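The values are calculated or read from the model by the stated rules, or taken from the named source; none is laboratory data. Just so it is clear, the model here is predicted, and its values are computed rather than measured. Don't worry about glycine lacking a Cβ; one is built from the backbone with ideal geometry, like all the others, and counts go over all protein chains shown.
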Amino acid sequence: MLEELHNLPSSLKSLELCDLEKLSAEIRSELIAKLAEVGGHIGPNLGIVELSVALHVVFNSPVDKLVFDVSHQSLPHKILTGRYKGFKKFHQDQGISAFTNIDESEHDHFNMGHTSTSISLAAGLAKSRDILGSVENVVAIIGDGSLSGGEAFEGLNIAGDLNSNFIVIVNDNEMSIDPNSGALYKGLAELRRTNGKAENNIFKFLGFDYAYLEEGNDVGKLIEMLESVKGIDHPVVVHIHTKKGLGFPIAEKNPEIWHYHVPFNAATGENSSNLVDKKRPLIVSSTDIIIDHILEEKNSVVVVPGAPLLGRKLQETVPERYLDVGIAEGTGVAYASGIAKGGVKPYIVVASTFIQRAYDQIIQDWTLNDTPATLIVLGAGISSSDYTHVGIYDIPMLSNIANLVYLAPTSAAECKKMLNWAAKQDFPTALRTSTGDASGVEDRDVSDVQVEVQEIEQVKSVSVSGGVIPNKNFIVRSEVVKKGTRIAIIGLGLFFQKALEASEKIKEKLNIKPTVINPRFISHLDEELLSSLPADHEIVVILEDGIIEGGFGQKVSAFYASQKNSTSRIQCLIRGAKREHIDSIAYDDLMKRYRLTPEQIVDDIRDAL
């Protein structure tokens, strides 16, 4: 049927209800088949098929504006807006992306990928429409899980005060990535139980009209509901109850596991036998190390904003110490800082791509107060992820904050050492972890973390006339793993493995035995070691698993540039990610693009020499 439909989505308006139901079933089958082949967000897309069909039957996209929160559930929308052939090549060249994309279609109004933003973005579209005197509908589609993010509340607060058309569809499937937690969801449950008639209604309190539909996967009833609010002259919330993973029984039974899934067998649900991770090699993971450490730390808690990044083990073993704050990274950091101030050791676990969502709280509520929490950054580093989920910006953001020590383990064993060290400190610490290739690293002995902390005696407090809050001076020690001459290679974090590989290639091709250094610290430099290198080295190569601009390599380069002694002059070659938005480029291609293969590193050193 999809192959026969032309002029989508306008051609949907002429179809009978029975044909729309058949179309929904076909889209669901196509989703299961393609996502089984390439992987992706299974549950969210399957649960919103009927709503997507109904939206395009009732509204006139792109004149009427449809804004999908996160947009990890936008594949049915994409199929219905003329991108069916592109969906056939999903995750391939010439194929569509996993999220809404303004370069793909006029039906996509924003590049999306992070949560809780749709209402604020759509409210901006509505305000612009009102100023220009237009009359189109503006619709924000947001899941119940996304409502836990602070920006969703801020958007509701603004939009509820509009005196014009504004429609919010709350897709309530009783799930975020994992089961929802927090007081808000008790209210949603009460609304579901009473068929939308409960007096306790947060949406009405915020100025919205309200309508509820229990049969959120019934395309006919959805069309009827949406027709009733189309053209409305004030803000309204349409609350619909849907089933995550609908139509794929395996996903329906395990919605958490099937929120996102790697390629799988559509009949059995088992991972594909030919599964290949295109993002980066999956050899080392620090997750189990982190879980075991937290379990051993009896007087500690773990604060998890958003996804269940540490799995279910902690929640099942120590539920009183597993604090899921929903998709609210900023609150997670502030919450942890308060816990630390009260005398309990907190660990904040956040994916690198979501660090920027908590940046103000990291500075204002945590490090400025010097509370002894530990931030564990997961999924950091260069990967072939989409443009909203890359983990390359955390180093410039975190490594320049006063009183914060940011560490980069090269292996799971070193991760354990660094966690043990961080647990004993009385100031803010952070740990950058990745998954990647650490073969040849795991079997080496790992020394203890070495840091000397010096209090800088300055103004004791900030007065009205101004002053400086006392800071700490951290004197750190890197690890020289191989001692050589002429060339020093610094491999940060899991790129230490690349430093080892490059050193072997340098010996083979240039007949030079290089020095290989594990810096261990991202936020601070081993100035004593760096000062000693110019005596018998001409070049320092820094391999950085992140963006070059403002990163660790530029710290090293700036250190040498600031030295007054001319004998300290040394060339710095920095290799890492460029300042660009990358979208689903294969990992090996990125390594070549950024000249991070051993052969390219040798060629660049040869040119420099």
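If the condition is being of a type in the set (Asp, Glu) and either in a loop (DSSP other than H, G, I, E, B) or surrounded by fewer than 17 Cβ atoms within 10 Å (Cβ to Cβ) (or both), then region 126-159 contributes Asp130, Glu136, Asp144, Glu154. Looking only at residues of region 79-125 that are touching a residue at least 60 places away in the same chain (Cβ under 8 Å) and either in contact with a Lys or Arg (Cβ under 6 Å, 6 or more places away or on another chain) or not in a loop (DSSP other than H, G, I, E, B) (or both), we find that the one that is nearest to His56 (Cα to Cα) is Ile79.
Only one of these is among the acidic types (Asp, Glu) and at pLDDT below 90: Asp93, Asp64. Name it.
Working: Asp64 fails: at pLDDT below 90.
The match here is Asp93.
Whether any residue in region 493-515 is under 11 Å from Ile601 (Cβ atoms), outside any helix (DSSP H, G or I) and over 29 Å from the mean Cα position of the chain (by Cα) is what I want to check. Yes, the conditions are met somewhere in region 493-515. Looking across region 356-374, just one residue is in contact with a Leu (Cβ under 7 Å, 6 or more places away or on another chain) and closer than 23 Å to Leu314 by Cα, and that is Thr374.
Of the residues that sit in region 242-272 and are among the small types (Gly, Ala, Ser) and out of contact with any helix residue (DSSP H, G or I) (no Cβ under 6 Å at 6 or more places or on another chain), which one is surrounded by the fewest Cβ atoms within 10 Å (Cβ to Cβ)? Before the answer, list the steps.
Keep residues of region 242-272 that are among the small types (Gly, Ala, Ser), which gives 245, 247, 251, 266-267, 269, 272.
Remaining after also requiring out of contact with any helix residue (DSSP H, G or I) (no Cβ under 6 Å at 6 or more places or on another chain): 267, 272.
Working: Ala267: 8, Ser272: 15.
My answer is Ala267.
Meeting the requirement of 1 or more residues that are under 22 Å from Gly155 (Cβ atoms), the helices (runs of 4 or more DSSP H) wholly within region 166-265 are 184-193, 202-205, 219-229. Taken over region 160-178, the residue count meeting the criterion of being surrounded by 20 or more Cβ atoms within 10 Å (Cβ to Cβ), in contact with a Pro (Cβ under 6 Å, 6 or more places away or on another chain) and either within 17 Å of Leu206 (Cβ to Cβ) or polar (S, T, N, Q) (or both) is 2. Val219: in the same structural domain as Leu156 (by TED's automatic domain parsing), surrounded by 18 or more Cβ atoms within 10 Å (Cβ to Cβ) and closer than 30 Å to Asp130 by Cβ, yes or no? Answer is no for this residue.
Within region 361-381, the set of residues being over 24 Å from Ile291 (Cα atoms) and either surrounded by fewer than 19 Cβ atoms within 10 Å (Cβ to Cβ) or in contact with a strand residue (DSSP E or B) (Cβ under 9 Å, 6 or more places away or on another chain) (or both) comprises Ile363, Gln364, Leu368, Asn369, Asp370. Residue under question is Leu2, and the condition is that it be touching a helix residue (DSSP H, G or I) at 6+ places or on another chain (Cβ under 7 Å) and assigned by TED's automatic domain parsing to the domain that holds Ile167; does it hold? Here the answer is no, as Leu2 does not meet what is asked.
Taking region 35-58 as the range and being small (Gly, Ala, Ser) and closer than 19 Å to Ala98 by Cβ as the test, the residues that pass are Ala36, Gly39, Gly40, Gly43, Gly47, Ser52. Only one of Ile401, Ile392 is surrounded by 22 or more Cβ atoms within 10 Å (Cβ to Cβ), outside the structural domain of Ile517 (by TED's automatic domain parsing) and either without any contact (Cβ under 8 Å) to a residue 24 or more places away in the chain or on the phi < 0 side of the Ramachandran plot (or both); which? Exactly one of Ile401, Ile392 is surrounded by 22 or more Cβ atoms within 10 Å (Cβ to Cβ), outside the structural domain of Ile517 (by TED's automatic domain parsing) and either without any contact (Cβ under 8 Å) to a residue 24 or more places away in the chain or on the phi < 0 side of the Ramachandran plot (or both), namely Ile392. Of all residues in region 517-530, those that are more than 20 Å from Trp421 (Cα to Cα) have Cβ atoms under 7 Å from Cβ atoms of residues that are surrounded by fewer than 20 Cβ atoms within 10 Å (Cβ to Cβ) and polar (S, T, N, Q), 6 or more apart or on another chain, in Ile517/Ser478; Leu529/Ser478. Of the residues making up region 222-241, those that are more than 22 Å from Glu21 (Cβ to Cβ) and either under 32 Å from the mean Cα position of the chain (by Cα) or crowded, with 22+ Cβ neighbours inside 10 Å (or both) are Pro235, Val236, Val237, His239. If you go through region 469-492 and keep only what is touching a helix residue (DSSP H, G or I) at 6+ places or on another chain (Cβ under 6 Å) and assigned to a loop (DSSP other than H, G, I, E, B), you end up with Ser478, Leu492. Picking from residues in region 38-60 that are assigned to a helix (DSSP H, G or I) and of a type in the set (Val, Ile, Thr), the one that is nearest to the chain's Cα centre (by Cα) is Ile42. Checked across region 34-53, the condition of being of a type in the set (D, E, K, R), surrounded by fewer than 22 Cβ atoms within 10 Å (Cβ to Cβ) and touching a residue at least 40 places away in the same chain (Cβ under 8 Å) holds for at least one residue. Select from region 1-31 the residues that are assigned to a helix (DSSP H, G or I) and either touching a Lys or Arg at 6+ places or on another chain (Cβ under 7 Å) or of a type in the set (A, V, I, L, M, F, W, C) (or both) and write down the one among them that is nearest to Phe264 (Cα to Cα). It comes out as Leu31.
Suppose the filter is touching a residue at least 40 places away in the same chain (Cβ under 8 Å), closer than 18 Å to His109 by Cβ and part of a helix (DSSP H, G or I); does Leu162 pass it? Give the derivation first.
On the way: touching a residue at least 40 places away in the same chain (Cβ under 8 Å): yes; closer than 18 Å to His109 by Cβ: yes; part of a helix (DSSP H, G or I): no.
The answer is no for Leu162.
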